[in-house]
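> I'd like to ask some things about the structure below.
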Ligand SMILES: [Zn+2]
């Protein structure tokens, strides 16, 4: 390998020869299943995107458990299932009250609370404050709160923005409800009521309550009402919701006015818990002493379901099955293949635990449930391998990223010695945007294999036809060599710390930070230029580098420092977001764990 690289044969030719000749063929042995079969089933419409707690999620877990079981592996926990619960959605409770003057309104028909509303009863005057913007950017100045006193009062705000029908609305970064609530709070508002005009939504349907993977609520009540209710509030001032929307949109006029009405309201939102499972099995080792040490080999099987608001999709406006073929049917197929190999060639001295984690997309909940209630003594787990998005091996570059390589003293040497010709990109940190993070936090050396993010990441177009199945096979074969060596060594890997384990919480108004020094002067017009990257902060771990231009966060455009900050305001610690960047003119999507 090293020798071949020293003589000047073009690298790609070497890689192609090595991958085709030197890799022993690697097929799953159980029945006639292939990686393609596993990905095809897991990413099928029947499973509807495998959202935690849904039927498709359960079907996926059953399928994986049965695949493991037929190999003759030992089923851990309850027949191979480790159940755990999590919040997956929000529904209105029985205690919702909304009284306009003396008229009680009907929940679901006239009004709905937001999942991030406070639960406190609030009574007070109402001020109409347009779209509720307070924007001061280079290209746009718009303050709806100018000369309004909203302190302690309800603000009535229009949903959306004046350029709602434009793909590139200048207002887009500020028009999400959470951003507007934050702005209202900045101005001292005591409660927020949203209403949508006909240009925002013709039908005037109340938007279903959604849970945005974030249990944090604001210190004020937040509701949405129908246009009929909004019109009642505006009527004494001789106008309507449609009228105000039209006026503001056509004349670009900001601002608002006090209203004579009075609102008394209390929100009641029930965060609904669902149960899902990790699927966990073992292939025992054959060394009398070392079999009591374990290596965990895992991949998450859940995904985003039908997408939509709050799901983590990068296209929240399109409700469609998100097949998650690469994310992460590919990793599960690979782990099933490895389990099959282990079960049929029981040469491992240490025991191997194979795990398909649930609820990774909801915030690494499954892997944390595993380490919180492990099937074996955590101290006996000597390494963890995580495969997340391994289905897009590029046939030209053969680039394979492995993270956590500095979490043991021996990792990089072992990985390098078995490399059959991948263009390996090592990153040392043990913390990262997937399930291995939970193990690193327990001082376990981790290996995170991935072929990287792409434009289909977290969209409905992450489909099976784009998967490189031979690539999965090559990665599986390589990983098998590495796992076999680590399972058979006399001594376990020597753990060492590589990067911070817990995000330091910072004071101030921002709950999260990427850890970059942006170009405050706004010299770059296509986005936000990164002038420096702090070591071991989320941006650094995700591979963002000095000189990169951030053009979008979680699929939404970032044009300047204000956009960037407003975007970050809407996220919280522990969330995983995508960051679009331009690097030397090339568009890339990186995944950042906050
Ligand atoms: Zn994902």
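> Let me spell it out: the conditions are (1) at pLDDT 95 or above; (2) in the same structural domain as residue 409 (by TED's automatic domain parsing); (3) under 25 Å from residue 368 (Cβ atoms), and residue 458 meets all of them except one. Which number is the exception?
The one condition residue 458 does not meet is (1).
> With respect to residue 355, determine if the residue is part of a helix (DSSP H, G or I), more than 16 Å from the ligand (Cβ to nearest atom) and under 23 Å from residue 470 (Cα atoms).
When the stated conditions are applied, residue 355 does not pass them.
> Here's another thing I want to ask about it. Among helices (runs of 4 or more DSSP H) lying entirely in the stretch 155-251, which contain 3 or more residues that are at pLDDT below 85?
In the stretch 155-251, the matching helices (runs of 4 or more DSSP H) lie at 177-186.
> Looking at (1) at pLDDT below 85; (2) within 16 Å of the ligand (Cβ to nearest atom), find the lone condition where residue 570 falls short.
Among (1) at pLDDT below 85; (2) within 16 Å of the ligand (Cβ to nearest atom), residue 570 violates only (2).
> Just wondering, is there one or more residues in the stretch 327-335 that are surrounded by fewer than 24 Cβ atoms within 10 Å (Cβ to Cβ) and either under 28 Å from the mean Cα position of the chain (by Cα) or within 16 Å of the ligand (Cβ to nearest atom) (or both)?
The answer is no; no qualifying residue exists.
> Kindly provide the set of residues from the stretch 269-309 that are within 16 Å of the ligand (Cβ to nearest atom) and surrounded by fewer than 20 Cβ atoms within 10 Å (Cβ to Cβ), ordered by number.
Once the filter is applied, which keeps residues that are within 16 Å of the ligand (Cβ to nearest atom) and surrounded by fewer than 20 Cβ atoms within 10 Å (Cβ to Cβ), the stretch 269-309 yields 306, 308.
> Looking only at the stretch 454-473, count every residue that is crowded, with 24+ Cβ neighbours inside 10 Å and within 16 Å of the ligand (Cβ to nearest atom) and tell me the total.
Of the residues in the stretch 454-473, 3 are crowded, with 24+ Cβ neighbours inside 10 Å and within 16 Å of the ligand (Cβ to nearest atom).
> So which residues in the stretch 252-283 are touching a strand residue (DSSP E or B) at 6+ places or on another chain (Cβ under 7 Å), at pLDDT below 95 and not in a strand (DSSP E or B), if there are any at all?
Those that are touching a strand residue (DSSP E or B) at 6+ places or on another chain (Cβ under 7 Å), at pLDDT below 95 and not in a strand (DSSP E or B): 254, 256.
The values are calculated or read from the model by the stated rules, or taken from the named source; none is laboratory data. Keep in mind it's a predicted model, so treat the numbers as computed, not measured. Every residue, glycine as well, gets a Cβ built from its backbone with ideal geometry; the counts of neighbours run over all protein chains shown.
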